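Accompanying notes for the structure given below.
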Amino acid sequence: MFIAKVIGTVWATVKDSNLRGYKLQIIQPLASNGEKAGVPIIAVDTIGAGPGELVMYITAREAVIPLGVKEAPVDASIVGIIEKVDIGL
Amino acid sequence: MFIAKVIGTVWATVKDSNLRGYKLQIIQPLASNGEKAGVPIIAVDTIGAGPGELVMYITAREAVIPLGVKEAPVDASIVGIIEKVDIGL
Amino acid sequence: MFIAKVIGTVWATVKDSNLRGYKLQIIQPLASNGEKAGVPIIAVDTIGAGPGELVMYITAREAVIPLGVKEAPVDASIVGIIEKVDIGL
Amino acid sequence: MFIAKVIGTVWATVKDSNLRGYKLQIIQPLASNGEKAGVPIIAVDTIGAGPGELVMYITAREAVIPLGVKEAPVDASIVGIIEKVDIGL
Amino acid sequence: MFIAKVIGTVWATVKDSNLRGYKLQIIQPLASNGEKAGVPIIAVDTIGAGPGELVMYITAREAVIPLGVKEAPVDASIVGIIEKVDIGL
């Protein structure tokens, strides 16, 4: 899993029918110093993360697991809201 | 999923027979500031995106799901047309 | 597998229920000169690695294998504690 | 899929037995301006691409599909010869 | 597959039990000019590559195939020893 910040939302009326009903969030992956790392990702959120919150997200095939369906056209999902990161070494 | 812009098309007469019939679009992944990020991708489009439109795309194994077949030699698909991106944090 | 250093931990009370009970470590991938390479990763640790230790980690679908379950929303796992790296060429 | 140019070949007598019989090509992924992007890839070619030709290639699990076998130790395959790329936006 | 050089070995007594018995090599991915590209990788070697040799390696799910088991916590395997690379375009 990786660390990201919820930075926005996305509107897409025309989309694959298997994506309907999922809450999509735009998240920005972060480096260990809190700087942006790479491009933003559109992730499905089944956790209920709010704008600006730090989250853990998961990618690829495993991103479908939190959705409770056998398969979905989803390759990124938020799997946790991070309360505290302790990086000390 | 990631954010990209439809930037062109590709002609390939000689191709894997399992690719025939799919509409291929060249899409350019974008960073959060709208700049190009990384190399262009050839994605299957089952949504009907037009040139210059912002889209969401999906990669890897999940890219086959919008095609409605069990498997296909496809690792990127457009899954939505983005009307509005709201990045505020 | 890749080489990383255990650099911290993460607190996430609100998380996918299939993640409960796993020990999560923040690991920093390393380049061959020992410098940081890329962003930190949140990995499941079934090995018992301690802070500051060098570890081997595995990504993607295979990261679920050390957990002993059929599937889990996990895309990175620590699979070994590195005692010595011998890079000589 | 991504865009690459066939730039060479590779000789490997000692190799996994499941790789025997496949034609291997070295391909160089390209950016939208035609510059090299990232490292060269060794891809299986079931299409018959020639040196210097532009090709589409596919990665990961889907790269096995063009081979017509259930599984093979292959993570990149050429799936089309590109006649023309039209990038206009 | 990608091109790498065998640059070292790794000692890890404490490791996932499904990794025991595999020969692990540290390999360095190379760019087309022979320079290092990205971080070193720990790959399983079922081929018998020696220090300093150029190899082809495979990643992700397909990396398990050379091992002859149904699944293993392995995401990189050496699948061939490269005798000659001919890059001419």
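The values are calculated or read from the model by the stated rules, or taken from the named source; none is laboratory data. As the structure is a prediction and not an experimental result, all values here were calculated from the model. Positions of Cβ are backbone-derived with ideal geometry, glycine not excepted, and every protein chain shown enters the neighbour counts.
Select from the range E:52-71 the residues that are under 16 Å from D:Asp75 (Cβ atoms) and among the hydrophobic types (A, V, I, L, M, F, W, C) and write down the one among them that is surrounded by the fewest Cβ atoms within 10 Å (Cβ to Cβ).
My answer is E:Leu67.
Any idea how many residues of the range E:34-54 are hydrophobic (A, V, I, L, M, F, W, C) and more than 9 Å from chain C (Cβ to nearest Cβ)?
4
When you go through C:Ile42, C:Ile26, C:Ile7 one by one, which is the residue that is under 24 Å from A:Ala49 (Cβ atoms), free of Cβ contacts under 8 Å to residues at least 24 places away in the same chain and in a strand (DSSP E or B)?
Exactly one of C:Ile42, C:Ile26, C:Ile7 is under 24 Å from A:Ala49 (Cβ atoms), free of Cβ contacts under 8 Å to residues at least 24 places away in the same chain and in a strand (DSSP E or B), namely C:Ile26.
Quick one: in the range E:72-89, of everything that is in contact with a Gly (Cβ under 6 Å, 6 or more places away or on another chain) and part of a strand (DSSP E or B), which residue is surrounded by the fewest Cβ atoms within 10 Å (Cβ to Cβ)?
That would be E:Asp86.
Scanning for something on the phi > 0 side of the Ramachandran plot and either modelled with pLDDT under 95 or more than 11 Å from chain D (Cβ to nearest Cβ) (or both), does the range B:55-64 turn up at least one residue?
yes
Hey, any hits in the range D:6-22 for a residue that's away from chain E (no Cβ under 12 Å) and modelled with pLDDT under 95?
yes
Can you report the number of residues in the range B:1-51 which are basic (Lys, Arg) and surrounded by fewer than 20 Cβ atoms within 10 Å (Cβ to Cβ)?
3
Taking the range B:65-81, which residues are among the aliphatic types (A, V, I, L, M), in contact with a Leu (Cβ under 8 Å, 6 or more places away or on another chain) and at the interface with chain A (Cβ under 8 Å from one of its Cβ atoms)?
B:Val79, B:Ile81
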